[in-house]
Amino acid sequence: MSQAITFSEYGAPEVLRLSEVTTPEPGPGQVRIRVRAASVNPLDLKIRSGLMAKAAPARFPVIPGLDAAGVVDAVGEGAGAAVGDEVLGAAVGGSYGEYALLERPVAKPQALSWEVAASLVTVGGTAARVLRQLGVQEGQTLLVHGAGGSVGTVAVQLAAARGITVVGTVGAHDFERVTALGATAVRYGDGWVERARGAAPQGVDAVFDASGAGVLADSVALTGDSAQVITIADMSAAQHGVRFSAGSAGPADESLSQLVRSAAAGELDLPVWRVYPLDQAATAHGDIEARRNRGKVVLLP
């Protein structure tokens, strides 16, 4: 037996409880890790609250969590890592616990902290996936809504590194940081279209909405083509002819490996706002729901 965070009903953060659970055993192709860090993602909150119940009904009790980093302590047949390896990846069956199962573990470089390693999986995979789907190329201009958030932060850096001109809508507190990452920061909210046009007089070729702030209609008008707008956060996408991009918890192995190498080399910055002991998962969820965080939130078993 081991400890993990579980919930047995949908609801507020308080439904999260530290519980005794059966320690998972790795199946074929899987490794079990002793978790050193588990990332908290907005999707975790949506699942816990019941917002995802229609699309994916929960089988209670649920161990939440998509991403983890830790040390391999057991392996299944054909596993991609050995006992003692330090790895990260998308968790199978939840990551908020002392142990988690990974199907496609990626090696963690020594230079990469456990907290950042756990944080890269979903955030990095989402940013890389949407940029790939948009097909934006060197010399073109990309607008990122929510450029100060974790997904937006990675998207800005990946795009700028490819020679793409990036404009990012942000709050005043993120201006300096997003500018330093390689984007032209403009204030979100009323009037953002005019500010974006002023920052990109050459026009905007594509829009990545990571904010879900009701910006899709104006984004389509800005690009002139709904096919050039993708959201990961606005459920009204279909009403505007816009693609809603969703995928598995993590990116393909090659994409994640590249993100890990870039982060370890100091070429990719992913801020971690706060770390919490595992038994404070409810507090972590509450802080994210209240929008207090300015970066990733991580649990430490």
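Have a look at Ser211, Ser226, Ser219 and point out the one that is of a type in the set (Gly, Ala, Ser) and either farther than 21 Å from Ala160 by Cβ or assigned by TED's automatic domain parsing to the domain that holds Val116 (or both).
Values: Ser211 fails: either farther than 21 Å from Ala160 by Cβ or assigned by TED's automatic domain parsing to the domain that holds Val116 (or both); Ser219 fails: either farther than 21 Å from Ala160 by Cβ or assigned by TED's automatic domain parsing to the domain that holds Val116 (or both).
The conditions single out Ser226.
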*asked:* Please list, ordered by residue number, the strands (runs of 3 or more DSSP E) wholly in region 163-216 having 2 or more residues that are out of contact with any Leu (no Cβ under 6 Å at 6 or more places or on another chain), buried (at least 19 other Cβ atoms within 10 Å of the Cβ) and in contact (Cβ under 8 Å) with a residue 40 or more places away in the chain.
replied: 206-209
*For residues that are charged (D, E, K, R) and within 22 Å of Gly171 (Cβ to Cβ), scanning just region 201-222, find the one that is farthest from the chain's Cα centre (by Cα).*
Asp218
*All positions within region 167-185 that are over 18 Å from Val215 (Cβ atoms) and polar (S, T, N, Q)*: Thr179
*Mind listing whichever residues of region 11-38 are under 22 Å from the mean Cα position of the chain (by Cα), closer than 14 Å to Ile63 by Cα and part of a loop (DSSP other than H, G, I, E, B)?*
Leu16
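Within 17 Å of the chain's Cα centre (by Cα) and not hydrophobic (A, V, I, L, M, F, W, C): which single residue out of Gln110, Gln133 fits that description? Step through it out loud before you land on a result.
Details: Gln110 fails: within 17 Å of the chain's Cα centre (by Cα).
Sole residue among the options that is within 17 Å of the chain's Cα centre (by Cα) and not hydrophobic (A, V, I, L, M, F, W, C): Gln133.
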*Within the bounds of region 245-261, is there any residue that is at pLDDT 95 or above, out of contact with any helix residue (DSSP H, G or I) (no Cβ under 9 Å at 6 or more places or on another chain) and in the same structural domain as Arg132 (by TED's automatic domain parsing)?*
no
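Among the residues of region 50-63, which ones are within 21 Å of Arg17 (Cα to Cα) and either in a loop (DSSP other than H, G, I, E, B) or not assigned by TED's automatic domain parsing to the domain that holds Thr23 (or both)? Let's see the steps before the verdict.
Looking only at region 50-63, we keep the residues that are within 21 Å of Arg17 (Cα to Cα), and these are 50-53, 57-63.
Selection gives Gly50, Leu51, Met52, Ala53, Pro57, Ala58, Arg59, Phe60, Pro61, Ile63.
The values are calculated or read from the model by the stated rules, or taken from the named source; none is laboratory data. Just so we're clear, the structure is a prediction, and the values are computed from it rather than from any experiment. Ideal geometry is used to build each Cβ from the backbone, glycine not excepted, and the neighbour counts take in all protein chains shown.
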